[in-house]
1. Tell me, yes or no, whether region 215-229 has at least one residue that is under 21 Å from residue 166 (Cα atoms) and surrounded by fewer than 15 Cβ atoms within 10 Å (Cβ to Cβ).
2. Given the structure, is residue 62 away from the ligand (no atom under 16 Å from the Cβ), free of Cβ contacts under 8 Å to residues at least 24 places away in the same chain, in a helix (DSSP H, G or I) and over 30 Å from residue 113 (Cα atoms)?
3. Can residue 28 be described as within 16 Å of the ligand (Cβ to nearest atom), closer than 20 Å to residue 223 by Cβ, outside any loop (DSSP other than H, G, I, E, B) and of a type in the set (D, E, K, R)?
4. Can you list residue pairs whose Cβ atoms sit under 9 Å apart, with the first residue in region 218-239 being within 21 Å of residue 25 (Cβ to Cβ) and more than 7 Å from the ligand (Cβ to nearest atom) and the second being among the acidic types (Asp, Glu) and in a helix (DSSP H, G or I)? Count only pairs 6 or more apart in sequence or on different chains.
5. Looking at this structure, is residue 154 assigned to a loop (DSSP other than H, G, I, E, B) and under 26 Å from residue 114 (Cβ atoms)?
6. Can you find a residue in region 84-95 that is part of a helix (DSSP H, G or I) and aliphatic (A, V, I, L, M)?
7. Scan region 77-91 and give yes if some residue there is over 17 Å from the mean Cα position of the chain (by Cα), surrounded by fewer than 16 Cβ atoms within 10 Å (Cβ to Cβ), small (Gly, Ala, Ser) and more than 30 Å from residue 217 (Cβ to Cβ), otherwise no.
8. Here is a list: 182, 243. Which entry is more than 22 Å from residue 30 (Cα to Cα), in contact (Cβ under 8 Å) with a residue 12 or more places away in the chain and among the hydrophobic types (A, V, I, L, M, F, W, C)?
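None of the figures in this text is laboratory data; all of them are computed from the coordinates on show. Owing to the predicted nature of the structure, the values given are computational and were not obtained by experimental measurement. Here the Cβ positions follow ideal geometry from the backbone for every residue, glycine too, while neighbour counts run over all protein chains shown.
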Amino acid sequence: MSQYYNPKRGAAWNYGGKNWKLSRSKIDLFCECPRCFYLDNKLGVKRPPGFPFNLNSAVDALLKKEFDVHRKAKTRHPLMEEYKINAIPFAHKDIDTWRENFEGVRVHHKPTGMIISGAIDDVWVGDNDELYVVDYKATSKDGEVTLDAEWQDGYKRQMEVYQWLLRQNGFKVSDTGYFVYANAVKDLDEFNDQLIFKTKIIQYDGNDSWIEKTLGDIHTCLNDERVPGSGDECDYCPYRETAGKTLQEKVLKKSIKPVSQKKVDKDNPSETGSLF
Ligand code: SF4
């Protein structure tokens, strides 16, 4: 196990603990696989983290700075002009809190008693005080970026959760949201210490009608002592089960022995690694 991963979290961070809240990404995890969600939030066993997307974070940070200039000046960013979006970046006293990862836009959901939160990238406001949720994305792909791939459904749910959160906080929020999508071009002759991006705005019309029901399902799941089924599209549970059973059988038959990682015999590396 690496120094970056602690699979078992303290109880305070699990459902019912004082630090627990339902973040936007946890809602998405539930939509993806209720079992992984349950393991994480109820039993405190988190998935190993993915590799950090440092380049994407850099694009996010710079876009935020860029739009903040226009927030302060109450002007449209050139991209907003190009796409004829009649709005300016929203200057609200809580904008920095809304963008903080461990803060975000929050709401106490009375029917379930859960605190729901989500950290937005940006919000724009139109003439009629209607808000538009904005999300920054960065990628590098040939051709035009779109929202058409199945794996991008999570982006759409993300937008809809943010719209819902702001509505629950009393704001008038448009169904229309915008993805500011930066695409690093690869058809250049050299790197020369810089990435060149083509940035476009993709409009998405959200529909948050699924959220209340999903929150009810999540609440039911968290209060159930039974572990939910695994997701159809994921191969890790079948892998884990098969690996565990195979290792157990081998150990029971004494054909291999579990050895602590620290006691590995360098001269006999075949007998290596803790099994469970
Ligand atoms: S099926 Fe995949 S996502 Fe679901 S619990 Fe198993 S490992 Fe997690």
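1. Yes.
2. Details: away from the ligand (no atom under 16 Å from the Cβ): yes; free of Cβ contacts under 8 Å to residues at least 24 places away in the same chain: yes; in a helix (DSSP H, G or I): yes; over 30 Å from residue 113 (Cα atoms): yes.
Spelling it out, residue 62 is indeed away from the ligand (no atom under 16 Å from the Cβ), free of Cβ contacts under 8 Å to residues at least 24 places away in the same chain, in a helix (DSSP H, G or I) and over 30 Å from residue 113 (Cα atoms).
3. No, not satisfied.
4. That search, which allows pairs on different chains as well, returns 233/32.
5. no
6. Kept after step one, since they are part of a helix (DSSP H, G or I), are these residues of region 84-95: 95.
Then keep just the ones that are aliphatic (A, V, I, L, M); that gives 95.
Checked against the condition, which is being part of a helix (DSSP H, G or I) and aliphatic (A, V, I, L, M), region 84-95 yields at least one hit.
7. Taking every residue of region 77-91 in turn, at least one turns out to be over 17 Å from the mean Cα position of the chain (by Cα), surrounded by fewer than 16 Cβ atoms within 10 Å (Cβ to Cβ), small (Gly, Ala, Ser) and more than 30 Å from residue 217 (Cβ to Cβ).
8. Details: 243 fails: in contact (Cβ under 8 Å) with a residue 12 or more places away in the chain.
Selected residue: 182, the only one of 182, 243 that is more than 22 Å from residue 30 (Cα to Cα), in contact (Cβ under 8 Å) with a residue 12 or more places away in the chain and among the hydrophobic types (A, V, I, L, M, F, W, C).
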